[in-house]
Each structure stands twice: as C-alpha cells, then as structure tokens.
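Have a look at the structure below, then the notes.
Read-outs throughout are calculated quantities, based only on the coordinates presented, and are distinct from any laboratory measurement. What you are looking at is a predicted structure, and each value in this text was computed from that prediction instead of being measured. Here the Cβ positions follow ideal geometry from the backbone for every residue, glycine too, while neighbour counts run over all protein chains shown.
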Amino acid sequence: MRLASLTTLIASLSNHRVSTAFHSNNFASSSFFRPSTSRTMSSVDDADMLRLLNCPSIPMDGGKSSHPSIGFGTYKVGFIPASASSAVAATSSTSSERTAEECVLDALNVGYRFLECAEFYGNEAQVGKAISKSGVPREEIFICSKVWTTTIEKGPDAIRAQLEKTLNDLGTSYLDLYLVHWPVPGKHVEAYKTLEVLCKEGKIRGIGLSNYAVEDYLELKEAGMEIKPSVNQIEINPFIYRKNTIDFFKKEGVVLQSYRSLRDGKEFGNATLVKIADAHKKTPAQILGRWCVQKGFVYVPKSVKKERMIENAQVFDFELSAEEMSELDSLTDPKTIQTFQGLYRKCVNRDTSKDGTLDGVKMNITLD
C-alpha cells in the first residue's frame, strides 16, 4: 500500500480512532492506534496494517529518540550464511525458495517499518532493492545493520569501508542504528569507538551492541564511552529469559532488541504456550510476540511467508494477564542456559583468525 492510499484509508477511518495506553514493565506508556472491533472495517488486512503502522515506540537514549516496538528480521531470508550457527541451522534448509527482495517487499507492504539487517546476513543488496521497489519513503523506515566479526577483526578502516558498502547496498545515506555484531575479544572495544566516530560524522544516527554479556559491556564502559549504546540485541523469549542480564541493561538505559523471539517455532507445541494461546484465540507465535512486546523488548519476528508475517504482527489487539506473563517467564530451564553459554563461547571468535579457539573468550560471564 502506498502512502497516498494509506492516507485515504486513515481518513476514512478517522471517526473510529481510539487512543489506548500501551503498558510495559520497563518503559513509559505510549499511545497506539487500535481500531474498534465493533466498527465495520474495509478489510481485516487494512486493520492489521494500521495496527502495525501505528505500533508503539520505545524511548531510546534517554528519550531523545525512539525505536519501533516490532520489526522484520532478515537473517536467513533469501540467503543462509555458510557459518550460520549449527545450534540454529540444524533444522534449516541450505537454500531459500524466495529471494530476500520478495520477502522484504512483502514485509513492507503489510506494514513493517523496522528492518533488521546485517553484513553477515549476505542479503543487504536484496533488501535495498525491496526498499526501492516498495515506494515507502526512507524517512518512514527504521533500518538497523550490524558489522560482522571478520570486519571487526580487521579494524577501523575495514569497518568504515563496510559501512559504505552497507549504505550502498541498502540504497540509503544513513542508518538508524549500527551495531557491533559480536564482542570479538581484543577487538570489540576498538570497533565500538570506530562506530562512535562514524556516528559523529552523521552516517549513523545511533549505535549499539549485539550479543553482549554484562561483562563485555563493562569492559566497553571501563574503556570510556563517548556515546552510550542505544540497544543490545540478544536472544530473548520465554524459553531463554535471562532476567539478571536483562535487568542490568535496563538499568543502564539500554533498549533490548529480541532476536529469535519466536524460538524458530520449536516450542509452538509447548503445553503452557498452547493453553494461553487457546484462551486468547491466538496462535503460539502471537503469544510469544505479545509477551515480548508487553515486556518492553523490541520484537523481531521473521518469515518468508506473507501470511506468517501478518500473523506474527497481530500482537497489539490483546493483552496477557500478570498470571500468564508469570507462567511464560518460568519456561526457561538450566539446559537452555548451558546451550547459550556454549554458543557464546563459540561465536565471539566465529569466522575470525581465532575461529574454533577460546583465545580471549570470557569464560565467566553472567549467564542468567
């Protein structure tokens, strides 16, 4: 849907608008558009799109900027990196039936306005083509990318060159966020300082972290930050709810972006999840998404199927009770935390000259 048609749609529904407070545990309430269920809608798709386009935003940087509460993830969309995590890749195909351009164009057309990208994903040029083809103005899209371990290891000049490539591939003159993808031992502090310089130059509007443990952040902080990270992107869902880590970053004023918000669909049959889904007449995916949004995390689902993109975004028309939230909070078990520890130790050096070793890896990090 183009901007003009959207404007017409909004105008036609103007008499039916209601303002509803969005409640979360860790950020100020904001308003979002929730079409009345009692009115006659032009179509369900239109109502879903309006909810998505008017999703809540999460304050960043002490309220100086904001982050959409939902976005479209592009990892393994149209392309699967050769070194994709075995923990995740074990059930994934090595090829894609649809291109990233097709998938991202669908995502934009159904109303997603935050795109989560990365050098490692290998598909930023395709994402850029989708953005161009969509006709959605650049200022209406929030774009985040991440610099990969190999580039981080090479140093500042390589990071600068990669940013230029990312900007060119995505067809934009700036990024809303640029993140250090993994805290590469002995290199991530220098990488972050390079991002600070690039931010001051105006090609990046905000900078942040990905996969940082508390101890990685403290190392960065002790080295001296000129610009505080806006976000830390980590895996968050009820099955890996690392509350102490999350609480630490919340106290630091760092917004949490959630990847694998839907747990790759592996837990859709969980009895607790199914029970809550049935109670709300929602799908397990929508319960996981609502949990994430209600906690105040940035929810980043992904799918190559348009119908799933729509389904995954239908999380703004209901609310989970305190009891249901507590039930979901309790689904993390010790085995999952152990798996996380192994993945962290493996990935901080992934694809670098120290790949396969524990050279420089922090062995005692906050796990929960």
- Under 17 Å Cα-Cα from residue 275, which aspartates and glutamates qualify once same-chain neighbours fewer than 8 residues away are excluded? 267, 319, 323, 324, 327, 329
- Approximate spin-label separation residue 364-residue 140, in nm, with each point projected 7 Å along Cα-to-Cβ: 5.3 nm
- Considering only Cα-Cα distances, which of the following residue pairs are longer than 30 Å: 200/250; 129/346; 129/243; 203/250; 129/154? 129/346; 129/243
- Whole-Hz ³J(HN,Hα) from phi, Karplus 6.51 cos²θ - 1.76 cosθ + 1.60, for the stretch 315-320, glycine and proline x: 10, 10, 10, 7, 9, 8
- Query: In whole Hz, what ³J(HN,Hα) sequence does the stretch 327-344 give by Karplus (6.51, -1.76, 1.60; θ = phi - 60°), x for Gly and Pro?
  - Reply: 4, 5, 4, 8, 7, 6, 10, x, 4, 5, 5, 5, 4, 4, 4, x, 5, 4
- Relative to the present Cα-Cα distance, how much length would full extension add between residue 197 and residue 164 at 0.36 nm per residue of separation? 10.5 nm
- Roughly what would the spin-label model give for residue 251 and residue 333, points 7 Å off Cα along C-beta, in nm? 3.0 nm
- Task: For residue 70, list long-range residues whose amide hydrogen, built 1.01 Å from N in the peptide plane, is under 5 Å from its own amide hydrogen.
- Result: 299
- Task: Give the calculated FRET efficiency between residue 323 and residue 125 to the nearest 0.05, with a Förster radius of 56 Å applied to their Cβ-Cβ distance.
- Result: 0.75
- Query: aspartates and glutamates near residue 362 by alpha-carbon distance under 15 Å, same-chain residues fewer than 8 away left out - which ones?
  - Reply: 215, 216, 219
- Residues whose built amide H sits under 5 Å from the amide H of residue 233, excluding neighbours closer than 5 in sequence, are 209, 210, 211, 212, 257
- What order, most packed first, do the peptides 139-145, 178-184 have when packing is the mean number of other Cβ atoms within 10 Å of each residue? 178-184, 139-145
- Sequence-distant residues sharing a close amide H with residue 206 (under 5 Å, placed H): 177, 178
- Using θ = phi - 60° and the Karplus form 6.51 cos²θ - 1.76 cosθ + 1.60, what ³J(HN,Hα) does each residue of the stretch 163-178 get, whole Hz, x for Gly and Pro? 4, 4, 5, 4, 4, 5, 4, 7, x, 9, 9, 7, 10, 6, 9, 9
- Label-point separation, residue 306 to residue 243 (7 Å along Cα→Cβ), nm: 4.3 nm
- Within 10 Å, count the other beta carbons around each residue, average over each peptide in 220-229, 60-69, 73-82, and list them highest first. 73-82, 60-69, 220-229
